[in-house]
1. Take Thr41 and decide whether it is more than 15 Å from the chain's Cα centre (by Cα), within 16 Å of the ligand (Cβ to nearest atom) and β-branched (Val, Ile, Thr).
2. Is it true that some residue in the range 73-84 is over 21 Å from Arg14 (Cα atoms), of a type outside the set (Ser, Thr, Tyr) and within 11 Å of the ligand (Cβ to nearest atom)?
3. Select from the range 1-23 the residues that are more than 10 Å from the ligand (Cβ to nearest atom) and in a loop (DSSP other than H, G, I, E, B) and write down the one among them that is farthest from the chain's Cα centre (by Cα).
4. Within the range 129-144, which residues are more than 16 Å from the ligand (Cβ to nearest atom) and either modelled with pLDDT of 95 or more or of a type in the set (Ser, Thr, Tyr) (or both)?
5. May I ask you to list pairs of residues, at least six apart or on different chains, whose Cβ atoms are under 8 Å apart, with the first in the range 1-20 being of a type in the set (S, T, N, Q) and the second being within 11 Å of the ligand (Cβ to nearest atom) and part of a loop (DSSP other than H, G, I, E, B)?
6. Considering the range 1-33 alone, what residues qualify as being of a type in the set (Asp, Glu), modelled with pLDDT of 95 or more and loosely packed, with under 15 Cβ neighbours inside 10 Å?
Amino acid sequence: MKQLLLLNGPNLNRLGKREPGIYGSRTLQDIEQTVSDLVQTYGYKMDAFQSNHEGELIDRIHEADGVYEGIIFNPGAYTHTSVALRDAISSIEVPVIEVHLSNVHSREEFRHTSMLAPVCKGQIVGLGDQGYKLAALALLPEKV
Ligand code: DQA
């Protein structure tokens, strides 16, 4: 069965409790379930992984090569800092869509830059948890 990977970076395990005015009240588990249910209706399976550690995220990206049809990735604050994650994405064939719950462009200046966006297939920002679903759909191009 074809499969997608939903990857979340640092502090996203705090969703639901963390700054709900910015990130909403849904937990990461809720979001993972919703996206998994959606892709299942298209005959896809979804794996989910969250880590607060850059190296673990890099390992999962490497391991994804040849396994997944696409990766939905919210890299959290590593978005703005991580050359290593950018190089990991560049090292694989699997398309990655970068997702941010908040509109990073309407926030602090340091959130306006993404180290990863230039090597991603696309980027979705500011649409809350809907962004994850839209990214999943975009990775199933023959289905939408
Ligand atoms: C975020 C935006 C980042 O700037 C921030 O560091 C996060 C969450 C978002 O989903 O809006 O941790 O990626």
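1. Details: more than 15 Å from the chain's Cα centre (by Cα): yes; within 16 Å of the ligand (Cβ to nearest atom): no; β-branched (Val, Ile, Thr): yes.
It is false that Thr41 is more than 15 Å from the chain's Cα centre (by Cα), within 16 Å of the ligand (Cβ to nearest atom) and β-branched (Val, Ile, Thr).
2. No, the range 73-84 contains no residue that is over 21 Å from Arg14 (Cα atoms), of a type outside the set (Ser, Thr, Tyr) and within 11 Å of the ligand (Cβ to nearest atom).
3. Keep residues of the range 1-23 that are more than 10 Å from the ligand (Cβ to nearest atom), which gives 1-7, 13, 16-17, 20-21.
Narrowing further to those that are in a loop (DSSP other than H, G, I, E, B): 1-2, 16-17.
Working: Met1: 21, Lys2: 18, Gly16: 17, Lys17: 19 Å.
Out of the qualifying residues, it is Met1.
4. Step one: filter the range 129-144 for residues more than 16 Å from the ligand (Cβ to nearest atom), giving 137-144.
Answer for the range 129-144, where residues must be more than 16 Å from the ligand (Cβ to nearest atom) and either modelled with pLDDT of 95 or more or of a type in the set (Ser, Thr, Tyr) (or both): Leu137, Ala138, Leu139.
5. These pairs meet every condition: Asn11/Arg18; Asn11/Asn52; Asn13/Asn52.
6. Within the range 1-33, the subset of a type in the set (Asp, Glu) is 19, 30, 32.
Of the ones still in play, those that are also modelled with pLDDT of 95 or more are 30, 32.
The one that is of a type in the set (Asp, Glu), modelled with pLDDT of 95 or more and loosely packed, with under 15 Cβ neighbours inside 10 Å: Asp30.
Each row is one residue, and each column tells you yes or no for (1) crowded, with 17+ Cβ neighbours inside 10 Å; (2) modelled with pLDDT of 95 or more; (3) not hydrophobic (A, V, I, L, M, F, W, C).
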position	(1), (2), (3)
Lys45	no, yes, yes
Gln50	yes, yes, yes
Ile61	yes, yes, no
Tyr78	yes, yes, yes
Ser90	no, yes, yes
Ser102	yes, yes, yes
Arg107	no, yes, yes
Leu127	no, yes, no
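The values are calculated or read from the model by the stated rules, or taken from the named source; none is laboratory data. Being a predicted model, the structure only gives us computed values, none of them experimental. Ideal geometry is used to build each Cβ from the backbone, glycine not excepted, and the neighbour counts take in all protein chains shown.
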